[in-house]
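Below: one structure, written as structure tokens.
The values are calculated or read from the model by the stated rules, or taken from the named source; none is laboratory data. Not measured: the values here are computed from a predicted model. The area values use the complete protein model at the heavy-atom level, side chains included, leaving out ligands, DNA and RNA. Shrake-Rupley method; radii C 1.70, N 1.55, O 1.52, S 1.80 Å.
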Amino acid sequence: MVVALVGFAFYAVITIIDQNVKIAEKRAELNELNQQISVVEIQTQHLQKVQGYEGEELAQYMEKIAKEELGYISDGERIFINVAGE
């Protein structure tokens, strides 16, 4: 009888420890997912703002994207690269 109680107590302690580890893992996973949700919400807000661009504002945004992301330059512009790394 005593052996059965000790065995059950040992099993219960191991189960509780295992559950606590799983809970900690799920909390970390939840935090990561919440961070991803925040990033997507910020991106969505930016895209909604961009959808409202018209006229000159749209042209300036397109020029900015062309220069920053695609490496385009306007006529007469020069790009200088600092090879010294400073």
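For T44, work out the one condition from (1) under 21 Å from the mean Cα position of the chain (by Cα); (2) of a type in the set (V, I, T); (3) modelled with pLDDT under 90 it doesn't fulfil.
(3)
Can you name the condition, by its number, that I23 falls short on among (1) more than 25 Å from the chain's Cα centre (by Cα); (2) open to solvent by 70 Å² or more (accessible area, probe 1.4 Å); (3) among the hydrophobic types (A, V, I, L, M, F, W, C)?
The single condition I23 does not satisfy is (1).
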